[in-house]
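Asks: Structure below; questions to follow.
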Amino acid sequence: MAVIGQKKEEGTPYTPTTFSHTTKTIIGKTVVIKGNLSSKEEMEIHGKIEGNIDSEKKVDIKTGGEVKGNISGDEVRIEGKVTGDITAKSRTVITPQGNVTGKIVTEKLVIEEGAVFKGTVEMGGGVTKTETKTREVKNG
């Protein structure tokens, strides 16, 4: 680790410089987790999860990432594959590479062209006041 612009005096303890106010948990592409994950910070998933994910902030399933379980977070973004239910307080985004099978409960939903979604959606007015729509969507 390199520290730039900080001179260490002899005998003083090292204190790392904080560059960001956001903390993020990153699950690498070779990581396989069988079990539930819970976090108060953002999560970025490149690997495979067999279990539920619960975060108070954003959950981002990257291209190549795969989740077999339910996801709960403030915002959920899917570039990989999810088989399970998604609950997002603010919004859910399924990108062109994304593939979701399950129920989505969210305030706002964005399904980009090329995305695959099979399941049901409840949205609008917060996660408690919902409108149910059932359809299978495959763009592209």
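Asks: Given the structure, is Glu41 among the acidic types (Asp, Glu), touching a strand residue (DSSP E or B) at 6+ places or on another chain (Cβ under 7 Å) and modelled with pLDDT under 95? Even if it seems obvious, please write down each step before you answer.
Replies: Numbers: among the acidic types (Asp, Glu): yes; touching a strand residue (DSSP E or B) at 6+ places or on another chain (Cβ under 7 Å): yes; modelled with pLDDT under 95: yes.
The answer is yes for Glu41.
Asks: Quick one: in segment 1-27, of everything that is closer than 24 Å to Lys58 by Cβ and surrounded by 10 or more Cβ atoms within 10 Å (Cβ to Cβ), which residue is modelled with the highest pLDDT?
Replies: Within segment 1-27, the match that is modelled with the highest pLDDT is Ile27.
Asks: Being assigned to a strand (DSSP E or B) and charged (D, E, K, R) is the filter here; which residues of segment 80-123 pass it? Write out each step before concluding.
Replies: Our first condition is that a residue be assigned to a strand (DSSP E or B); within segment 80-123, this holds for 81-83, 86-94, 99-111, 116-123.
Lys81, Lys89, Arg91, Lys103, Glu107, Lys108, Lys118, Glu122 - these are the residues of segment 80-123 that are assigned to a strand (DSSP E or B) and charged (D, E, K, R).
Asks: Check whether at least one residue in segment 93-110 is within 11 Å of the chain's Cα centre (by Cα), of a type outside the set (Asp, Glu) and surrounded by 17 or more Cβ atoms within 10 Å (Cβ to Cβ), and report yes or no.
Replies: Keep residues of segment 93-110 that are within 11 Å of the chain's Cα centre (by Cα), which gives 93-94.
Subsequent filtering for residues that are of a type outside the set (Asp, Glu) retains 93-94.
Subsequent filtering for residues that are surrounded by 17 or more Cβ atoms within 10 Å (Cβ to Cβ) retains 93-94.
Among the residues of segment 93-110, at least one is within 11 Å of the chain's Cα centre (by Cα), of a type outside the set (Asp, Glu) and surrounded by 17 or more Cβ atoms within 10 Å (Cβ to Cβ), which makes the answer yes.
Asks: For Ser72, state whether it is in a strand (DSSP E or B), surrounded by fewer than 16 Cβ atoms within 10 Å (Cβ to Cβ) and either over 10 Å from the mean Cα position of the chain (by Cα) or at pLDDT 95 or above (or both). I'd like the intermediate steps shown before the answer.
Replies: On the way: in a strand (DSSP E or B): yes; surrounded by fewer than 16 Cβ atoms within 10 Å (Cβ to Cβ): no; either over 10 Å from the mean Cα position of the chain (by Cα) or at pLDDT 95 or above (or both): yes.
Spelling it out, it is not the case that Ser72 is in a strand (DSSP E or B), surrounded by fewer than 16 Cβ atoms within 10 Å (Cβ to Cβ) and either over 10 Å from the mean Cα position of the chain (by Cα) or at pLDDT 95 or above (or both).
Asks: Hey, another quick one. Would you mind finding the one in Val116, Val105, Val127 that is closer than 16 Å to Asn70 by Cα and modelled with pLDDT of 95 or more? Show your work before the answer.
Replies: Working: Val116 fails: closer than 16 Å to Asn70 by Cα; Val127 fails: modelled with pLDDT of 95 or more.
Result: Val105 is the single residue among Val116, Val105, Val127 that is closer than 16 Å to Asn70 by Cα and modelled with pLDDT of 95 or more.
The values are calculated or read from the model by the stated rules, or taken from the named source; none is laboratory data. A quick note: this is a predicted structure, and the numbers were derived from the prediction, not measured. Cβ: placed from backbone, ideal geometry, glycine included. Neighbour counts: every protein chain shown.
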